[in-house]
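A.B. asks: The structure is given below, and queries will be raised subsequently.
The values are calculated or read from the model by the stated rules, or taken from the named source; none is laboratory data. In this text, all values refer to a predicted model and were calculated from it rather than measured experimentally. FYI the Cβ positions are ideal-geometry reconstructions off the backbone, even for glycines, and counts take in every protein chain you see.
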Amino acid sequence: MPNYFEDKGLNLDTTYYCRVASVNRDNRQSEPSQQTSAHTSAMNRTPPGPVQDLGVVRQSKDTLVVYWHKSPEPDVARYLIYRSESKDLAASAEPIAQVKPTEFFLQLYRDTGLQPGHTYRYKVLPEDWAGNRQQRSAVTVAATPR
């Protein structure tokens with residue numbers, strides 16, 4: 001079975017050089033291989049990963065606070081917030097808000113003007129500066145108190 005190494009977090013439009021050496025059980029290293037190079041694409045085509053730990057906190061009869069962990073990816077430009085009262089969240093084609101990432105670990109969106117005693121579903125999709133949008137999101141559900 002071949003061994004491989006995937007190098008992540010590389011800069012766009014950059015040439016990288018590498019050499020490979022093996023190490024045996026006695027911790028002895030072989031001579032390094034010939035140098036090879038690879039050039040990364042000038043275009044970012046990969047969307048950010050999905051948000052993690054999406055949840056909702058009830059604040060009042062007309063306000064819910066949606067929260068999630070900040071994406072570790074440095075190129076996230078915004079988080080798009082979607083809300084629906086139906087079980088099919090896809091019916092909500094347009095986001096209700098865009099949230100810029102903050103320096104804090106926990107990202108928040110305060111949804112106000114809601115109806116008391118209603119159930120709301122939320123999803124959050126991160127989008128990067130190149131316009132690549134994640135299409136998958138967990139869905140979180142909460143009801144406003146009566």
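A.B. asks: Please specify each residue of the range 4-28 satisfying the condition of being farther than 17 Å from N44 by Cα and in contact with a Ser or Thr (Cβ under 7 Å, 6 or more places away or on another chain).
C.D. replies: Within the range 4-28, Y17, C18, R19, V20, A21, S22 qualify.
A.B. asks: Now, a different point. Restrict the check to the range 61-74 and report whether at least one residue is in contact with a Ser or Thr (Cβ under 7 Å, 6 or more places away or on another chain), in contact (Cβ under 8 Å) with a residue 40 or more places away in the chain, under 19 Å from A97 (Cα atoms) and of a type outside the set (A, V, I, L, M, F, W, C).
C.D. replies: Taking every residue of the range 61-74 in turn, at least one turns out to be in contact with a Ser or Thr (Cβ under 7 Å, 6 or more places away or on another chain), in contact (Cβ under 8 Å) with a residue 40 or more places away in the chain, under 19 Å from A97 (Cα atoms) and of a type outside the set (A, V, I, L, M, F, W, C).
A.B. asks: Next up: Every residue in the range 68-88 that is surrounded by 17 or more Cβ atoms within 10 Å (Cβ to Cβ) and more than 20 Å from D128 (Cβ to Cβ), please.
C.D. replies: Within the range 68-88, R83, S84 meet the criteria.
A.B. asks: Related question: Please state which one of V66, V57, V141, V124 is among the β-branched types (V, I, T), part of a strand (DSSP E or B), over 25 Å from K8 (Cβ atoms) and under 19 Å from the mean Cα position of the chain (by Cα).
C.D. replies: Details: V57 fails: under 19 Å from the mean Cα position of the chain (by Cα); V141 fails: under 19 Å from the mean Cα position of the chain (by Cα); V124 fails: over 25 Å from K8 (Cβ atoms).
Being among the β-branched types (V, I, T), part of a strand (DSSP E or B), over 25 Å from K8 (Cβ atoms) and under 19 Å from the mean Cα position of the chain (by Cα) holds for just one of V66, V57, V141, V124, which is V66.
A.B. asks: Can I ask one more? Quick one: would you say R133 is modelled with pLDDT of 95 or more and either on the phi > 0 side of the Ramachandran plot or in contact with an Asp or Glu (Cβ under 6 Å, 6 or more places away or on another chain) (or both)? Give the steps one after another, and end with the answer.
C.D. replies: Numbers: modelled with pLDDT of 95 or more: no; either on the phi > 0 side of the Ramachandran plot or in contact with an Asp or Glu (Cβ under 6 Å, 6 or more places away or on another chain) (or both): yes.
Criteria not met by R133.
A.B. asks: Additional query: Those residues that are acidic (D, E) and at pLDDT 90 or above, I need them from the range 43-93; list them, please.
C.D. replies: Those that are acidic (D, E) and at pLDDT 90 or above: D53, D62, E85.
A.B. asks: Sticking with this one: Kindly provide the set of residues from the range 11-54 that are exposed (fewer than 12 other Cβ atoms within 10 Å of the Cβ), of a type in the set (A, V, I, L, M, F, W, C) and not in a loop (DSSP other than H, G, I, E, B), ordered by number.
C.D. replies: V23, A38
A.B. asks: So K100 clears everything in (1) touching a residue at least 24 places away in the same chain (Cβ under 8 Å); (2) touching a strand residue (DSSP E or B) at 6+ places or on another chain (Cβ under 7 Å); (3) loosely packed, with under 13 Cβ neighbours inside 10 Å; (4) of a type in the set (K, R) except one condition, right? Which one?
C.D. replies: (1)
A.B. asks: Within the range 106-114, identify whether any single residue is out of contact with any helix residue (DSSP H, G or I) (no Cβ under 7 Å at 6 or more places or on another chain), modelled with pLDDT under 95 and exposed (fewer than 13 other Cβ atoms within 10 Å of the Cβ), and answer yes or no.
C.D. replies: Kept after step one, since they are out of contact with any helix residue (DSSP H, G or I) (no Cβ under 7 Å at 6 or more places or on another chain), are these residues of the range 106-114: 106-114.
With modelled with pLDDT under 95 added as a condition, the list becomes none.
Within the range 106-114, none of the residues are out of contact with any helix residue (DSSP H, G or I) (no Cβ under 7 Å at 6 or more places or on another chain), modelled with pLDDT under 95 and exposed (fewer than 13 other Cβ atoms within 10 Å of the Cβ).
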